[in-house]
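Asks: The structure follows.
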Amino acid sequence: GESVGLHLPTLSVQEGDNSIINCAYSNSASDYFIWYKQESGKGPQFIIDIRSNMDKRQGQRVTVLLNKTVKHLSLQIAATQPGDSAVYFCAGVDPNTGNQFYFGTGTSLTVIP
Amino acid sequence: NAGVTQTPKFRVLKTGQSMTLLCAQDMNHEYMYWYRQDPGMGLRLIHYSVGEGTTAKGEVPDGYNVSRLKKQNFLLGLESAAPSQTSVYFCASSYLGVETQYFGPGTRLLVL
């Protein structure tokens, strides 16, 4: 089946530094991706999305970059704060179904005060 | 708006028992999904619905049944629980298929 994988299961950063979380996907036909944040004991929360006709999209303190050539996307968090500590995972639409997503396993981000 | 809510939050079952998990959304979304989340694995789709009265199988449907009798509710049933069904179950909804899904808080299920 289709897959997305994150490069690092854990990441620790100092408060105030920028964080970069990476994700690779398997199917070049996937044309829509979402980044989610999941805090302990809670459901995933939408952060930002990007469609394949874009290379970059910015939100509040977050930026997603999409490199279709190498099937890679990244989430950048600027000025990381303690409240950013959570598990982050990417999801890509399954082009075989058109209405289902496949999800990565997540990167656990720890912000050190 | 409450968003997506799930009932119950936590449940312990014995092998062979049955139960129903309830998901409700107040956003008038057409699509609803049931996922399970297990350690070291990404969310896996169990069943989904593209509208009231419709259901479809996802990646891991065995041992589960679903119903969508009302647009706002999506029920997940376990007829005969097995220890392999110990997991955290998340419900999600979206207005259309390929767009942001909004998740509920999850139901933790332990099958002994």
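Asks: Could you list, in sequence order, all residues of region B:1-57 that are loosely packed, with under 15 Cβ neighbours inside 10 Å, away from chain A (no Cβ under 11 Å) and either at pLDDT below 95 or over 22 Å from B:Ser87 (Cα atoms) (or both)?
Replies: B:Asn1, B:Ala2, B:Asp26, B:Met27, B:Asn28, B:Gly51, B:Glu52, B:Gly53, B:Thr54
Asks: Within the group B:Val88, B:Val60, which residue is assigned to a loop (DSSP other than H, G, I, E, B) and of a type in the set (A, V, I, L, M, F, W, C)?
Replies: B:Val60
Asks: Quick check on region A:98-106. Is at least one of its residues surrounded by fewer than 16 Cβ atoms within 10 Å (Cβ to Cβ) and within 14 Å of chain B (Cβ to nearest Cβ)?
Replies: Scanning region A:98-106, I find at least one residue that is surrounded by fewer than 16 Cβ atoms within 10 Å (Cβ to Cβ) and within 14 Å of chain B (Cβ to nearest Cβ), so the answer is yes.
Asks: Which ones in region A:7-38 are modelled with pLDDT under 95, closer than 23 Å to B:Phe90 by Cα and of a type in the set (D, E, K, R)?
Replies: Once the filter is applied, which keeps residues that are modelled with pLDDT under 95, closer than 23 Å to B:Phe90 by Cα and of a type in the set (D, E, K, R), region A:7-38 yields nothing.
Asks: Return the pair list, or none, for Cβ contacts closer than 9 Å from residues in region A:27-45 that are without any contact (Cβ under 8 Å) to a residue 12 or more places away in the chain to residues that are small (Gly, Ala, Ser), at least 6 apart or on different chains.
Replies: A:Gly41/B:Gly106; A:Lys42/A:Ala86; A:Lys42/B:Gly106; A:Gly43/B:Ala92; A:Gly43/B:Gly104; A:Gly43/B:Gly106; A:Gln45/A:Ala86
Asks: Working only within region A:18-56, note down all residues that are closer than 14 Å to A:Thr69 by Cβ and among the aromatic types (Phe, Trp, Tyr).
Replies: A:Tyr25 - this is the single residue of region A:18-56 that is closer than 14 Å to A:Thr69 by Cβ and among the aromatic types (Phe, Trp, Tyr).
Asks: Which condition does B:Leu69 not pass, out of (1) within 11 Å of chain A (Cβ to nearest Cβ); (2) aliphatic (A, V, I, L, M); (3) assigned to a loop (DSSP other than H, G, I, E, B), if it passes all the others?
Replies: If we test B:Leu69 against (1) within 11 Å of chain A (Cβ to nearest Cβ); (2) aliphatic (A, V, I, L, M); (3) assigned to a loop (DSSP other than H, G, I, E, B), just (1) comes out false.
Asks: Looking at region A:39-58, which of its residues are surrounded by 12 or more Cβ atoms within 10 Å (Cβ to Cβ) and within 19 Å of A:Gly83 (Cβ to Cβ)?
Replies: Correct list: A:Glu39, A:Lys42, A:Gly43, A:Pro44, A:Gln45, A:Phe46, A:Ile47, A:Ile48.
Asks: From A:Asp84, A:Asp31, grab the single residue that is closer than 29 Å to B:Ser87 by Cα and among the acidic types (Asp, Glu).
Replies: From the options A:Asp84, A:Asp31, the qualifying one is A:Asp84.
Asks: Looking at region A:59-113, which of its residues are in contact (Cβ under 8 Å) with a residue 24 or more places away in the chain and of a type in the set (S, T, N, Q)?
Replies: Those that are in contact (Cβ under 8 Å) with a residue 24 or more places away in the chain and of a type in the set (S, T, N, Q): A:Ser74, A:Gln76, A:Thr80, A:Gln81, A:Ser85, A:Asn96, A:Thr105, A:Thr107, A:Ser108, A:Thr110.
Asks: On to the next question. Does A:Asn18 satisfy being away from chain B (no Cβ under 14 Å) and either closer than 26 Å to B:Arg36 by Cα or exposed (fewer than 14 other Cβ atoms within 10 Å of the Cβ) (or both)?
Replies: yes
The values are calculated or read from the model by the stated rules, or taken from the named source; none is laboratory data. Worth saying up front: this structure is predicted, and the values here are computed from it rather than measured. Every residue, glycine as well, gets a Cβ built from its backbone with ideal geometry; the counts of neighbours run over all protein chains shown.
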